[in-house]
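Here it is, the structure in full.
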Amino acid sequence: MRTGLGSQLAALIGLLVLWEVGVRVFGVAPHNMPTASAVFRDMAGNMDLIGRGVVRTLSETIIGFVIGATIGFVFGSAFAVSRTLERLLFPLFIVSQAIPVIAFGALVVMWLGNDIWSKVAIAAYLTAFPVTVNTCRGMQAVDPQRVALLRSFGAGPWALFWRLRVPYALPSIAAALKLGISLGLIGAIVGEWFGDTVGLGIMLLQAMYNENLPRMWALILVCGAIGILLYAAFEAIERRWIWWKQEI
Amino acid sequence: MDGPADSAAPPMLQLTNLSKTFDSGHGRLVALERIGIEIGCGEFVTVVGPSGCGKSTLFNILAGLAEPDTGAKILYNGEPRMAPELLGKVAFMPQRDLLLPWRRVVDNAILPLQVEGIPRAEALKRAQPLFVEFGLSGFERHYPQQLSGGMRQRVALMRTFLFERDLTLLDEPFGALDALTRSLMQRWLLDIWQRHQRTILFITHDVDEAIFLGDRVLVMTARPGRIKLVLDVPLARPRPPEMLTSPEFIALKRQVLAAIEEESIKSFQQVAEG
Ligand SMILES: Nc1ncnc2c1ncn2[C@@H]1O[C@H](COP(=O)(O)OP(=O)(O)OP(=O)(O)O)[C@@H](O)[C@H]1O
Ligand SMILES: [Mg+2]
């Protein structure tokens, strides 16, 4: 674990050094690729501006993720329990996913206003789909013999759901949550492109218009760091709490 | 010791005319045909029969998980019961241990109590004294994946025993164990049974096991499953392992084997015919 982290850190530093040296040695023009040091200088000089963007985008991502995951869990469970509901609504879910969010991002902003909630909605929308699918599939895969055993103990639908279906589906739900948090971050960043004043997404657009390459790279690095940290957090939770396999 | 089969007491379980037909895509399959049995309070009854003769099907019906054909009568403690009414009334241990991998040994054992609505602390208190008896002390906090086959089976048995019901159904509980572990478990089960005074119906493929454990042995016919032979086992208890080679034991075994042999041949022919 420690050595893994150490070598990863070393690789990262090596990469940054390579970047710095490469840009200098080959004389790449600054408007094509800034040096790593220029990027970090920009980052250091604009800490509170970037910090505000991080807080905003992270809030959108997390609130959207929580809402989307909840919606996904509720619908996924409902589909798993009721065949009719699944036949009725599941195709709708799939069709809705075939339309790229970008296509109706503008609409969401018009409906929900140009503040945090339109971005939260887009993040939630992206998170909900994988969570719905995996919750449903995970619960449907439950072993019928174990269902029979619990029923022989006198378990009703409620006890079956919480004591068997939910824990049985957790590994597949956890996989969806990891995907969902990454999609939520994308949703939040892209959501800001439809117009806002704070957030990493809108800062990226501003950097593009101003051809401020160091800023752009600073933001890319920050976005990447957030994505990796969020994913790693879920990975850690999964390892610690949801280690069992579905096929038993 | 009071005799288990007190003739004055009403039977704990009485089945009359119990049949079960499965309607599948390609025709009807009669799994059980006109089964009639009576089981006394505190009795240990073993069931043997060729594979596929409907033993597990019978248990599923008694546990309330499947409906028998119309016309069947099930009297449980003297009261007529429809199949679903038996859910939660019978302690049922299926052929596989079916432990839940996310629950520790203790939590697997108390699962039926929690389903009943008993708080965890209270359930743990009831389970505590059984760990030594079931050879699981020190393993309370292990997960099922960390146990051997024999131990997993004991956890499943403990779960079944903690679910205190008038009737206990055990479907081949030792089927997957090696001969040595199996004979240890048999003696251990008799011990537990005598101490806890339960009524047990026990499925097995092993004729020695059926006679060694049972007050009575039921032999079933090949499909459709009927009761072919009901054999009383008048061997004294406690039964020492040497009993397996005694002449009385051998004589009983000969009778059971003869009945099974006939049925196994029939069941083999059924399979050959398709
Ligand atoms: N749900 C079902 N639908 C259709 N047929 C079934 C079903 N359950 C069992 N059967 C059939 O009923 C017959 C009896 O099955 P059962 O599992 O009760 O046999 P068994 O005596 O327990 O066999 P074994 O000793 O191998 O466990 C078999 O032929 C089986 O294929
Ligand atoms: Mg069986």
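The values are calculated or read from the model by the stated rules, or taken from the named source; none is laboratory data. Because the structure is a prediction, the values reported are computed rather than measured. Neighbour counts are summed over all protein chains in view; Cβ atoms, including those assigned to glycine, are modelled from backbone coordinates with ideal geometry.
Going through B:VAL48, B:VAL30, B:VAL106 one at a time, which residue ends up being within 16 Å of ligand 2 (Cβ to nearest atom) and more than 11 Å from chain A (Cβ to nearest Cβ)?
Exactly one of B:VAL48, B:VAL30, B:VAL106 is within 16 Å of ligand 2 (Cβ to nearest atom) and more than 11 Å from chain A (Cβ to nearest Cβ), namely B:VAL48.
Of all residues in region B:130-158, which are outside any loop (DSSP other than H, G, I, E, B), of a type outside the set (S, T, N, Q) and out of contact with any Phe, Trp or Tyr (no Cβ under 6 Å at 6 or more places or on another chain)?
Result: B:LEU130, B:PHE131, B:VAL132, B:GLU133, B:PRO144, B:GLY149, B:GLY150, B:MET151, B:ARG152, B:VAL155, B:ALA156, B:LEU157.
Here's something else I'd like to know. Any idea which of A:ASN134, A:ASN114 is surrounded by fewer than 22 Cβ atoms within 10 Å (Cβ to Cβ) and either under 30 Å from B:GLY88 (Cβ atoms) or away from chain B (no Cβ under 14 Å) (or both)?
A:ASN114
Ok, one more. From the residues in region B:194-223 that are assigned to a helix (DSSP H, G or I) and of a type in the set (Asp, Glu), which one is farthest from ligand 1 (Cβ to nearest atom)?
B:ASP208
What do you reckon, is B:PHE161 within 30 Å of B:LEU111 (Cβ to Cβ) and either part of a helix (DSSP H, G or I) or within 16 Å of ligand 2 (Cβ to nearest atom) (or both)?
Taking the combined requirement at face value, the residue satisfies it.
Could you list, in sequence order, all residues of region A:219-247 that are surrounded by 14 or more Cβ atoms within 10 Å (Cβ to Cβ) and within 12 Å of the chain's Cα centre (by Cα)?
A:CYS223, A:ILE226, A:GLY227, A:LEU230, A:TYR231, A:PHE234
I'd like to check something: does region B:243-253 contain any residue that is more than 16 Å from ligand 1 (Cβ to nearest atom), more than 14 Å from chain A (Cβ to nearest Cβ) and either assigned to a loop (DSSP other than H, G, I, E, B) or touching a strand residue (DSSP E or B) at 6+ places or on another chain (Cβ under 6 Å) (or both)?
The answer is yes; a qualifying residue exists.
Turning to a different aspect of this structure: Just the residues that are within 16 Å of ligand 1 (Cβ to nearest atom) and either buried (at least 18 other Cβ atoms within 10 Å of the Cβ) or more than 20 Å from the chain's Cα centre (by Cα) (or both), please, taken from region B:67-95.
Once the filter is applied, which keeps residues that are within 16 Å of ligand 1 (Cβ to nearest atom) and either buried (at least 18 other Cβ atoms within 10 Å of the Cβ) or more than 20 Å from the chain's Cα centre (by Cα) (or both), region B:67-95 yields B:PRO68, B:ASP69, B:ALA72, B:PHE92, B:MET93, B:PRO94.
Determine whether region B:171-193 contains at least one residue that is within 15 Å of the chain's Cα centre (by Cα), in the same structural domain as B:PHE44 (by TED's automatic domain parsing), within 16 Å of ligand 2 (Cβ to nearest atom) and polar (S, T, N, Q).
Looking through region B:171-193, none of the residues is within 15 Å of the chain's Cα centre (by Cα), in the same structural domain as B:PHE44 (by TED's automatic domain parsing), within 16 Å of ligand 2 (Cβ to nearest atom) and polar (S, T, N, Q).
Related question: Of the conditions (1) buried (at least 18 other Cβ atoms within 10 Å of the Cβ); (2) assigned to a helix (DSSP H, G or I); (3) without any contact (Cβ under 8 Å) to a residue 40 or more places away in the chain, A:VAL147 satisfies every one except a single condition; which number is it?
Every condition holds for A:VAL147 apart from (1).
So if I check each of B:PHE22, B:PHE59, which one is within 16 Å of ligand 2 (Cβ to nearest atom) and within 14 Å of another protein chain (Cβ to nearest Cβ)?
B:PHE59
Applying the selection to region B:148-158, what residues are away from chain A (no Cβ under 14 Å) and either over 15 Å from the mean Cα position of the chain (by Cα) or within 16 Å of ligand 2 (Cβ to nearest atom) (or both)?
Passing the criteria: B:SER148, B:GLY149, B:GLY150, B:MET151, B:GLN153.
Yes/no per residue for (1) touching a Phe, Trp or Tyr at 6+ places or on another chain (Cβ under 7 Å); (2) in a loop (DSSP other than H, G, I, E, B); (3) under 30 Å from B:LEU190 (Cβ atoms):
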| residue | (1), (2), (3) |
| --- | --- |
| B:ILE37 | no, no, yes |
| B:GLY42 | no, yes, yes |
| B:ASN60 | no, no, yes |
| B:ASP69 | no, yes, no |
| B:ALA91 | yes, no, yes |
| B:ARG103 | no, yes, yes |
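Mind telling me which of the residues B:THR160, B:THR181 ends up being in contact with a helix residue (DSSP H, G or I) (Cβ under 7 Å, 6 or more places away or on another chain), polar (S, T, N, Q) and away from ligand 1 (no atom under 16 Å from the Cβ)?
Result of the check over B:THR160, B:THR181: B:THR181.
Answer with yes or no whether A:VAL95 is closer than 16 Å to A:ILE202 by Cβ, at pLDDT below 90 and either away from every other protein chain (no Cβ under 14 Å) or surrounded by fewer than 23 Cβ atoms within 10 Å (Cβ to Cβ) (or both).
It is false that A:VAL95 is closer than 16 Å to A:ILE202 by Cβ, at pLDDT below 90 and either away from every other protein chain (no Cβ under 14 Å) or surrounded by fewer than 23 Cβ atoms within 10 Å (Cβ to Cβ) (or both).
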